[in-house]
Each structure stands twice: as C-alpha cells, then as structure tokens.
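Each remark here refers to the structure printed beneath this line.
The values are calculated or read from the model by the stated rules, or taken from the named source; none is laboratory data. Because the structure is a prediction, the values reported are computed rather than measured. Virtual Cβ from ideal backbone geometry, glycine too; neighbours counted across all protein chains shown.
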Amino acid sequence: MEYSEKVMDHFMNPRNVGEIEDASGVGEVGNPSCGDVMRIYLKINEGVIEDAKFKTFGCGAAIATSSMATEMVKGKTIEEAIKITNNVVAEALGGLPAVKMHCSVLAEEALESALTDYFKKQGEPEDKVRELKTAAGIPVREHNHESDH
Ligand code: FES
C-alpha cells in the first residue's frame with residue numbers, strides 16, 4: 001500500500017489538531033468496523049467557517065483526511081464547505097489507496113455532523129445539510145454509523 005507524500009505529510013504533521021472551546025458546531029462520527037473515531041469542531045460566523053479543529057482517534061489516513069478537511073473548510077462559507085466531500089479531500093491529498101477510501105468518508109461525515117449540530121443550535125431543521133447538498137447536486141450518503149453528539 002502506497003501513500004502519497006501529502007498523506008504522509010498530513011499524517012506526520014497534522015494541521016488543526018485540538019478543540020474549539022466555544023465551537024458553533026461539533027460533530028463526532030465513528031466507524032464501528034475499525035473502531036476509529038473523529039471529532040470536528042467548527043467556529044462559524046455569519047455563515048463563514050472561521051476556524052476548524054479536529055481530534056481523531058484512528059488510522060493514518062483518518063488523521064490525514066481530518067487534517068486536510070479542516071484546512072480546506074477554513075475561510076469557506078457553509079455552501080462551499082458542503083462541497084468538500086470525501087473524494088475532494090482524498091484528491092487534495094494526492095489520492096488514497098482504495099482500501100483506505102472509507103477513512104476519508106469519516107471526514108465528510110464528521111464535517112456534516114458538525115454543520116448539522118450548528119444548524120440545530122440555530123433552530124434550523126436537522127436535515128438542512130442534506131437539503132443544501134441536494135440543492136448543490138452533491139450525492140447525499142446514507143449514514144449508518146453516525147453517533148449523535
Ligand atoms: Fe478506520 Fe481508517 S481504518 S478510519
């Protein structure tokens with residue numbers, strides 16, 4: 001199994017590790033088959049993601065994708081951020097071995113879960129992220145292992 005240089009870089013020097021105390025939204029997801037868990041914190045101001053941090057207890061690919069995903073959403077609007085799917089993150093990392101693609105799914109789901117938490121706190125409907133994704137023509141994935149935060 002070969003990892004790209006970018007994957008190795010984000011694994012060895014992950015960006016944005018930590019927590020945001022007064023986060024606007026927090027999302028936690030896990031993959032029961034490997035036991036890996038990822039948590040993403042977002043600070044959102046007027047629809048713009050000002051800061052993103054993560055804590056991942058998981059494999060190297062999960063750490064690299066959370067690092068890259070948090071880098072990519074910073075400074076983006078929510079509408080832009082929902083376009084950052086697992087494929088977009090994997091591509092930005094120079095690709096992932098096929099057997100590790102499921103790890104990048106955690107990043108997309110954690111992001112979605114953090115945005116959902118944010119919308120809930122704003123009194124918006126719980127499926128708002130899915131609505132936005134559908135409106136933007138982005139495939140909505142079925143969640144079967146999301147743990148409610
Ligand atoms: Fe579990 Fe990578 S093996 S997320």
Subject >> Close pairs (9 angstrom Cβ cut-off, 6 or more residues apart or separate chains): touching a residue at least 12 places away in the same chain (Cβ under 8 Å) in the range 78-102, of a type in the set (Lys, Arg) and part of a loop (DSSP other than H, G, I, E, B) anywhere >> reply: LYS83/LYS76; ILE84/LYS76; THR85/ARG141; ASN86/ARG141
**OP:** Filter the range 18-49 for residues that are outside any strand (DSSP E or B) and not polar (S, T, N, Q) and give the result.
**Re:** GLY18, GLU19, ILE20, GLU21, ASP22, ALA23, PRO32, CYS34, GLY35, GLU46, GLY47
**OP:** Go through the range 30-42 and give me each residue that's near the ligand (Cβ under 10 Å from one of its atoms) and under 11 Å from the mean Cα position of the chain (by Cα).
**Re:** MET38
Original post:
Hey, among the residues in the range 54-73 that are near the ligand (Cβ under 10 Å from one of its atoms) and within 15 Å of GLY95 (Cβ to Cβ), which one's surrounded by the most Cβ atoms within 10 Å (Cβ to Cβ)?
Top reply: THR65
Original post:
Do we have GLY95 as within 16 Å of the ligand (Cβ to nearest atom) and on the phi > 0 side of the Ramachandran plot here?
Top reply: yes
**OP:** Please verify whether the range 17-26 includes one or more residues that are buried (at least 24 other Cβ atoms within 10 Å of the Cβ), at pLDDT 95 or above and either within 16 Å of the ligand (Cβ to nearest atom) or under 23 Å from GLY137 (Cα atoms) (or both).
**Re:** no
**OP:** Sort through GLU126, GLU79 and tell me the only one that's at pLDDT below 95 and more than 22 Å from PRO14 (Cβ to Cβ).
**Re:** GLU126
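Grab the helices (runs of 4 or more DSSP H) fully contained in the range 64-149, keeping just those with 1 or more residues being in contact with a strand residue (DSSP E or B) (Cβ under 8 Å, 6 or more places away or on another chain).
78-81, 101-121
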Subject >> Test: residue in the range 6-14 that is surrounded by fewer than 19 Cβ atoms within 10 Å (Cβ to Cβ), in contact (Cβ under 8 Å) with a residue 12 or more places away in the chain and under 18 Å from SER113 (Cβ atoms) >> reply: no
**OP:** Look at GLU108 and say whether it is at pLDDT below 95 and within 16 Å of the ligand (Cβ to nearest atom).
**Re:** no
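Of ASN86, ASN45, which residue is under 24 Å from THR134 (Cα atoms), modelled with pLDDT of 95 or more and surrounded by fewer than 14 Cβ atoms within 10 Å (Cβ to Cβ)?
Among ASN86, ASN45, only ASN45 is under 24 Å from THR134 (Cα atoms), modelled with pLDDT of 95 or more and surrounded by fewer than 14 Cβ atoms within 10 Å (Cβ to Cβ).
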